[in-house]
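Notes for the one structure printed next.
The values are calculated or read from the model by the stated rules, or taken from the named source; none is laboratory data. Keep in mind that what you see is a predicted model, and the values were worked out from it rather than measured. Here the Cβ positions follow ideal geometry from the backbone for every residue, glycine too, while neighbour counts run over all protein chains shown. All accessible areas refer to the heavy atoms of the entire protein, side chains included, with ligands and DNA or RNA removed. Shrake-Rupley method; radii C 1.70, N 1.55, O 1.52, S 1.80 Å.
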Amino acid sequence: MYDVIIRNGLVVDGSGREAFKSDIGVIGEKICKIEAEINEKGLTEIDAKGKIVIPGFIDPHVHEEWVCFIDGSYELFLRQGVTTVVNGNCGHSIVPGPRENILNYYWGNGLISTKQRNDYLTRFPEWQDFDGYAKAVEEKGTNINFATLLGHGTIRWSVMNGAHDRPPTEEEAAMIENIMRHNLEQGMWGISFGLDYVPSRYADLDELVSVAKIVRDYDGVAAAHLRHYIGIKEATEEFIEVGRRSGVKIQVSHLKPTCPEAFELVRKAAEEEGMRILADTIPRSTGHCTSKSRLLQFVMAVSDELFASGIEGVKAALKTPEGREMIKKDAYIFAGDKSDKFVILSEDPSLEGRSVADIAKERNQDPDETMLDLLADDKNYVFWLGGPSRTDFPADGHCETIVKNPYVCVGTDEIMGDIEDPYDWYELQRRGGFPIFMKMYLKKNVPLEEIVRRNTSMVAKHFDIKKRGELKEGNFADIAVIDLDSYSYPSPEEIDYRKPLTMASGVDSVIVNGKLALEKGELKRPFAGKVLRRNN
């Protein structure tokens, strides 16, 4: 007797080989049989006729490391067919503890609100290192699997007592190394850099290489949010050089499809130099929908001068000409003519759905000053920064050289926001990254088997996530059953910005470690997901 049998499905096993009709039998956590017809019975049987059966997708770039302490269901991933995610990206880390240190770092980088930080200081369990974090997650429960990266920014900030534009001293470098080795030995999967963000942006090439060499000793992965401000191609070259000099496996994070040359650099590094390298990309993105209070945090987080002064320092800067010039110099939101910056969910109905450029024209004012005035007034707004389609992750898809590049996978870069206050900070396309990629690449005549391979076994092998990413007897039963015809996500034109929790459709059932987390479209909460350890 099997615990679960999936019958009559078209199996796309993740290896890249041609799809085939088969049944799949699961006992406990593992796949026990893959045969054309399984005659035995299952306690639960899923009829997958007319559907594809695939290994659960693996998302190598998300920010979901502490969401489980509030709600471990992870429905938005299950409804895309995702069963494993890689957390701890862009330099942001759950170590070193204690909990208060981590929450203060996340708050300082705008990743949690003041309300969240104060609340989580009392609600979250305590941990000091990866082992403590893993035990806390397992006690709370998660519906999906986590692989977790160290965050260079958090560790550097913690050791150096802030964001300092200088190299670590010899003593500080030794402390950084000790924290890394301690947690890598407990099973963390590598490190991430956030090279646009303080303090990782202060690290030069030599510092990046020295950190990456520590990860290489454990055969881990180094991932990077690139130093975009030097240019996408140049930033990609810099990080490839880190991999070249250190010998570490590298993951180029959310690479922008507006620079096909950067994707070509990744391909050449893999094929001509034998480097172990992948690139993930966000298939489609709207601008971020961001509350005023959260936006003030972001202004603080990206400013060299204001980072240490907190929200009150930003508010004070908004009141002086000198402060406003400082904000305009540092804050990415002030790029461009403001025609792609909108006011939504406004307390002032006359501003609802209008661009900042349009409001500035009505006020006969410079658009930058209008933006600053809106930040400084006493009304609440949600700003849509980038509007319905971001130019760096455009809705019209990828060019042929990117589509044909076999080292490219999906990384949704799903942002954490506040799941108890979803209007605080959200994005309207990343929750559909996998169906968007699937439809985009099928339209470009990429075989279904290849699309599945790139987002399952290829990622699993790169990170060395064992016995996952491929439907194979003896592997863990992480399986998604998908109705390909209805597997979709609303386009930027179709989606309603008033509905931040919109999810993908078309996934029938999802099994995680042998347990049904989504059954015939209904969310379950078996919390069978695991915090994966690299050395297991």
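Counting heavy atoms of the protein chains alone, ASP3 has an accessible area of about 60 Å² for a 1.4 Å probe.
If one takes the longest principal axis of the Cα atoms in the chain, at what angle in degrees, from 0 to 90 and to the nearest 10, does the Cα axis of helix 114-123 lie? Once rounded, one gets 50 degrees.
Accessible area ranking (1.4 Å probe, heavy atoms, ligands and nucleic acids excluded), largest first, for SER93, SER491, SER505: SER505, SER491, SER93.
Accessible area per residue was computed with a 1.4 Å probe on protein heavy atoms; LEU385 scores about 20 Å². Counting only protein chain heavy atoms and rolling a 1.4 Å probe, the accessible areas of ASP129, ASP464, ASP13, ASP47 rank, largest first, as ASP47, ASP464, ASP129, ASP13. What is the antiparallel percent of DSSP beta bridges lying wholly in the chain, to the nearest 5? In the chain, DSSP labels about 55 percent of beta bridges as antiparallel. Ranked by solvent-accessible area (1.4 Å probe, protein heavy atoms only, all chains present), the residues GLU522, GLU35 order from largest to smallest as GLU522, GLU35. For GLY190, the residues whose modelled amide H falls within less than 5 Å of its own, excluding neighbours fewer than 5 places apart on the same chain, are LEU150, VAL221.
Contact order, relative form, for the stretch 350-491: 17 percent (alpha carbon pairs under 8 Å, 6 or more residues apart, mean separation divided by residue count). Scoring 113-123, 238-248, 370-380, 17-27 by mean Cβ neighbours within 10 Å over their residues and listing the highest first yields 238-248, 17-27, 370-380, 113-123.
Taking the DSSP bridge list for the stretch 1-104 and keeping only pairs wholly inside it, about 50 percent are antiparallel.
Each helix, a run of at least 4 DSSP H residues, gives -39500 (n - 2.57); summed and divided by the residues of the chain, these come to -9500 deg cm²/dmol at 222 nm.
Taking amide H positions as modeled 1.01 Å from N, with prolines and chain starts lacking one, the residues under 5 Å from THR44 and 5 or more places away or on another chain are VAL4, ILE5.
Remark: the chain carries 37 Å² of accessible area per residue (probe radius 1.4 Å; ligands, DNA and RNA excluded). Our coupling estimate for the stretch 292-301, obtained by passing each phi through the Karplus curve with A = 6.51, B = -1.76, C = 1.60 and θ = phi - 60°, is 4, 4, 5, 5, 4, 5, 5, 4, 5, 5 Hz, Gly and Pro reported as x. The phi-based Karplus calculation (6.51 cos²θ - 1.76 cosθ + 1.60; θ = phi - 60°) puts the 3J(HN,Hα) values of the stretch 309-326 at 8, x, 4, 5, x, 5, 4, 5, 5, 5, 8, 10, x, 5, x, 5, 5, 4 Hz, whole numbers, x for Gly and Pro. Relative to the longest principal Cα axis of the chain, at what angle does helix 367-376 sit, 0 to 90 degrees, rounded to 10? Approximately 90 degrees, to the nearest 10. Applied to the stretch 517-523, the Karplus parametrisation 6.51 cos²θ - 1.76 cosθ + 1.60 on θ = phi - 60° returns per-residue 3J(HN,Hα) values of 9, 9, 10, 6, x, 9, 5 Hz, with x for Gly and Pro.
Report, to the nearest 10°, how far helix 130-140 tilts away from the longest principal axis of the Cα atoms in the chain, using its own Cα long axis and a range of 0 to 90°. Between helix and principal axis, roughly 70 degrees. Relative contact order of the stretch 256-406, taken over Cα pairs closer than 8 Å and 6 or more residues apart, is 35 percent. Taking amide H atoms as placed 1.01 Å from N in the peptide plane, the amide H of ALA517 lies under 5 Å from those of VAL510, ILE511, VAL512, each 5 or more residues away in sequence or on another chain. Ligands, DNA and RNA aside, THR320 has an accessible area near 50 Å² when probed at 1.4 Å.
In terms of its alpha-carbon gyration tensor, the stretch 1-71 comes out oblate; a/c meets the 1.5 threshold, while b/c is at least as large as a/b.
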